[in-house]
1. So how far apart, in nm, are the two label points at residue 97 and residue 65 if each is 7 Å from Cα heading toward Cβ?
2. Quick one, what does Rg over Rh come out to for segment 43-115 if you take C-alpha atoms and the Kirkwood Rh?
3. Suppose R0 equals 41 Å; then what is the FRET efficiency for residue 83 and residue 138 from their Cβ-Cβ distance, rounded to the nearest 0.05?
4. Using alpha-carbon positions, what is the distance between the centroids of segment 57-97 and segment 107-141, in Å?
C-alpha cells in the first residue's frame, strides 16, 4: 500500500475503559489522495467474530479486524450498530479470529441464525465454533 509522507496523521480514538478513564487505542493512517484500496489489502487482513452481551441480556454478533476498536465504536454510538444504541453497557463475551472477510461474513451469518440457546452454548464452549468453521470449509463458497 502506498502512503504519502504527509498523509499519515495520528488520530486518537478514545474509549472509556473499565475504570472510567479514557484511553487512546491506536493511530489511524490516512490514505493519500488518489490512492485506491486493492483487493489484496482487504484479503490480507484477519477478521474476528465477536459476541457482545447487552445490559438487557441480548446477544449481538459481529465481525471486525480490530474488535476492541469496534467495541468502542459501539459504546460511543459513533459508527456503532443501531441495535446496540441504548442497550449498554456492553460486555465482550466471545472473540475468535476466523480468517478473511468472506469466511468471517459466512460464519457471522451462520451464528446470527442460531437460536439464543445455541449462542449461549458457543459463549460457554467456544470450541463449538470450530465445528461451525469446519462445516463452512466443507461447503462451496
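1. Each label point is offset 7 Å from its Cα along the Cβ direction, giving 1.4 nm.
2. Numbers: Rg = 11.9 Å, Rh = 12.4 Å.
Taking Rg over the Kirkwood Rh, I get 0.96.
3. Details: r = 31 Å, r/R0 = 0.75.
Calculated value: 0.85.
4. 18 Å
Any read-out appearing in this document is the output of simple, stated calculations on the displayed coordinates, not a laboratory observation. Treat the numbers as computed from the prediction; the structure is a model and nothing was measured. Positions of Cβ are generated from backbone atoms using ideal geometry, with glycine treated the same way; all protein chains shown enter the neighbour counts.
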